[in-house]
Amino acid sequence: MPSEKTPAILPSEYSPLRPARTFSRKTLTVLWLLLFVLWTYDRLLPLDSWSAVKSPNVYVPANAQEILQKCNAINTRPDLTTLSSFLQKRTVSDRYDPGMRNMSYLITNATIFTGVKDDDGNVQTLTGDLLMTNGIIRALGEDIPRDLVMEVDPRKLTVIRANGSWVTPGLGMIVDVNSQLGIFSSPPLRGKHDLDSRKGPILPWLRSIDGLHTRDNAFELALAAGVTSAQILAGTSNSIGGQAFVIKLRRTTEGSALSMVVDPPYELNTTGFGKGKPPVWRHLLQSCSDETRRYGNRMDMMWSLRSAYHEARRVMKLQDAFCAKAGAGLWEPGVDDFPENLQWEMLVDVLRGKVKVTNDCSEAVDIDNMVRLSNEFGFPIATFLHASEAYLVPSLVNGSLEGTPAVALLSTNHRHSRESYRGSEFAPAILASHNLSIIMTTDQPVINSRELIDEARKAYHFGLTTDLALTSVTSTPSNALGLGYRMGVLQEGYDADVVMWDSHPLQIGATPVYVWIDGMKQIPLTKDSGRSTYSTGTGPEQVVEPDKTRMEAPGQPSYEKERQDTVDWDGLPPLKGRGEGNRVVFRNVKEVWTRGRNSIDESFVADEDEFGIVIVEQGRIICAGSADDCIISGDERTVDVDLHGGSISPGLLTFGSPLGLEEIASEPSTTDGRLFNSLAVDVPFVFHDVGGIVRAVDALMFDSRHARMAYRLGVTAATSSLAKPHRLYESDDSMIWGISTTFSTNAAHGLEPEAIIQTETALHVRITRPRFDVRGPATSVSTQIATLRRLLYGWESRDKDTGLYFRKAAEGVIPLVVEVHNADIMASLIMLRAEVDAKIGGQMRMVFVGATEAWLLAKELSRARVGVILTSLKPVAATWDQRRILPGLPLTNQTTLGILLDSGVVVGVGVNHPQMVTETRFQLAQAYHDCVSSATAREVYGLATINLEQLLGVKGIEPESADLVAFDGGSVFNLSSKIVAVVSSQRGLVDMM
């Protein structure tokens, strides 16, 4: 049977029942020509006009116009020029709130730091007036047009005479762009903790605004520090934690989170495209820090990011292909929807360059990873956050796509993790020397937002210029966030976010007198501000009398050699001083403070017109006085040191952190490890002590970088216990923390003479309510106090350490140091102390550490002779026990420190973390400024010397052998000074720094 041939592939129109059609060559030519003319005509028409010539048989979706508009918009990026021109058209701010009692303000005779650079690259500072109306800055400078002022209803115009006071833009935050204000509540509560999600490493569909609590008390504290805006981040423990939002800290009439957002993206407020306003920036957080390790290592992290962007790129290509067909009029029947994916739409916008991406990366390896990621997928990076090692690899930071990212970092909060171990206080100045944009941050709540300007001050002290220090918290973060067209500077037409200061903002203790957001006064607090958590209702007068002696930036010491050494040694320069055993002569000395038996004494003060001389031989001062008083005999071995009006004062003591007991807090192998919580688990029988008492001296680690840095910055001794800060650790719920020890921060090992100043110093316990995120059963406060009562009553045998040391504490042989913050718990402890004294007949020495709410019991503490060691002079409610803080100016006229000193309480100051010990001298400077009316310089010195020793029971520091510290250019109380030497009579030498 003959076979039949069939085609291998049948055309779709083939039918064996229909005869084949044939066309002549002429007919085919005419048809092709007609199709070509129609296609050309269609391409020449605008996209929205193609329908005028469409064939009636071609499918067109009903929403074609909407789709074509969206296709036109998807690749339209925010443009600074377009946004600026749009903004300049307004006479009323888009954030003007008709429901508020809006006023207009004219500030006269002010020193105005505009934040605007002139043609030479210098930031303009003007002297003159500033007018703000309708939420915007209308004019500023010497010659404000009179007609502008006349336009304002005089009943709504408030004139503020600045008398030369500094006026700056409101402080903006980039962690602060990394701020967790409102999503990590103050005080922290489980029902208000929306910081991280555990649903996976890649979560670009989450939005921080969905967890923003608008009544967070932390907003008020930040406002009082001059902070007017913040980028709110979520998910720092995720590779992509979610979408971030920039907010103003002003509470609105509406009261919603959305109404606080600056430039809400169209996707959020449903305004859509083509409504008259140009597109605005969106914001995203990506993390590549050690915190993301709960989802794997760095390789896992990078794969999760690359796979996510691969998926986003696939969606983007589908959209581009769809829009290409739609633009050509080639609609597919039944395909009426623009191809979107709600999960990946944010990353698609990242790939289209429409998102300001903040990368939380510290180490060079992570910065490199993110730069390669951005280049692989073709998206820009706006900011590297924390960026501890960025100063070591500036060219690597420069390698990202589309310009150089800004670098946001802290000044001194380094070495607490492996990724921050090479961090340096000189990093901002080093980065600036490479023309990188610097942003100073706080990382709320780790360092609270109240200290944002303090970060700028410290960066200035260690080498950042005045202009760059101020712009690091104003215009630079605004520019990095894509908001520099409307905020961050003082310029006509910009948002009226303004701060007036009582002195130069870089002076330690400088405080905002007034704060405006969108032209509405927030500080001093008013009924309209909606906040009254801390305010006493007493604000400054309209006439401001600034301190004329503090109107200039403080002097800046030179750290050029230290900066270069830091770079040369790849972030880990040698920290040991150069011992000088010969005669050392300190010239141009303004004052000398030395230790007495129970006080700090001023042993020499130079005349106003002539500084003095101090001669040191074998580490001992043999003469301090004028040039006539101290005769210098010829000696070629004499070393001359010019202090340029500086001072010599006692070395400081630190307490409150596990300094010398851990090197890197986040690395267990560099710490002492976990203690037994004797109220939660049975102490092993081999321990044979029910309370599990341990001695810190047994775990001391000498020659740590934390200790060496502390020594170089004037802290020559430390008392350390094994207690961990309650609010930052999951394993910190122990009540008994054992026996502290006191040691020299300069010692290389424990067998050096005088390395261990006191083996056993004090007995330490903690009484507190459970953490907000406690897991498992928590020990109640009543159980903790009952246990403490039993131990102090002596019901445990003194054959064991628990019974022995608690008996010593009950009898007053050693102090009982209690970490406690809540006033009610303090009251219970004061009553317990009286009970124990009555039962045993001893004189217990009780000391409260932390003691945030101690101001409520100041008189009772004084009568009970209970001392206090404050670990923060700018407190925030980091736990529920701390909610009744006394924040100080401009919210309250008094501070906890001032009230305690006025009440006769013995007070010391300390810190919570080893990396913060270096800031002890800045703490004293803050205390000196805060208590200038209630404490002398001698008493402020005592806060970190004599008082602290008395409270802790430190007896090994003798007046004759105590270390002294030499300051070049000032004293411990100001930023202009630098420590250049430590005079050690114990070792018979002078350590040259």
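The requirement of being touching a strand residue (DSSP E or B) at 6+ places or on another chain (Cβ under 6 Å) and not assigned by TED's automatic domain parsing to the domain that holds Asn893 is fulfilled nowhere in segment 549-556; no residue meets it. With respect to Arg921, determine if the residue is touching a Leu at 6+ places or on another chain (Cβ under 9 Å), in a helix (DSSP H, G or I) and of a type in the set (Lys, Arg). Spelling it out, Arg921 is indeed touching a Leu at 6+ places or on another chain (Cβ under 9 Å), in a helix (DSSP H, G or I) and of a type in the set (Lys, Arg).
Among the residues of segment 377-427, those identified as farther than 24 Å from Arg705 by Cα and aliphatic (A, V, I, L, M) are Ile381, Ala382, Leu396, Val397, Leu401, Ala406, Val407.
Looking at Thr108, Thr133, Thr82, which one is closer than 13 Å to Glu492 by Cβ and over 31 Å from the mean Cα position of the chain (by Cα)?
From the options Thr108, Thr133, Thr82, the qualifying one is Thr133.
The residue pairs whose first member lies in segment 889-917 and is assigned by TED's automatic domain parsing to the domain that holds Thr945 and crowded, with 22+ Cβ neighbours inside 10 Å, whose second member is modelled with pLDDT of 90 or more and of a type in the set (Phe, Trp, Tyr), and whose beta carbons are closer than 6 Å, counting only pairs six or more residues apart or on different chains, are Thr896/Trp855; Gly910/Phe655.
In segment 767-776 there is no residue that is modelled with pLDDT of 95 or more, assigned to a loop (DSSP other than H, G, I, E, B) and of a type in the set (Asp, Glu).
Is at least one residue of segment 361-375 over 30 Å from Met440 (Cβ atoms) and either in contact with a helix residue (DSSP H, G or I) (Cβ under 7 Å, 6 or more places away or on another chain) or without any contact (Cβ under 8 Å) to a residue 12 or more places away in the chain (or both)? No, that holds for no residue. When Ala718, Ala699 are screened for being over 30 Å from Ala981 (Cβ atoms), under 33 Å from the mean Cα position of the chain (by Cα) and among the aliphatic types (A, V, I, L, M), only Ala699 passes. Within segment 125-138, the set of residues being part of a strand (DSSP E or B) and either within 24 Å of His504 (Cβ to Cβ) or not hydrophobic (A, V, I, L, M, F, W, C) (or both) comprises Thr125, Leu126, Thr127, Gly128, Asp129, Leu130, Leu131, Met132, Thr133, Ile137, Arg138. Please verify whether Ser307 is under 29 Å from the mean Cα position of the chain (by Cα) and of a type in the set (Gly, Ala, Ser), treating the condition exactly as stated. Here the answer is no, as Ser307 does not meet what is asked.
Yes or no: Thr168 at negative phi, at pLDDT 90 or above and surrounded by fewer than 24 Cβ atoms within 10 Å (Cβ to Cβ)?
Answer is no for this residue.
The values are calculated or read from the model by the stated rules, or taken from the named source; none is laboratory data. For clarity, every value in this text was computed on a predicted model and none was experimentally measured. Every residue, glycine as well, gets a Cβ built from its backbone with ideal geometry; the counts of neighbours run over all protein chains shown.
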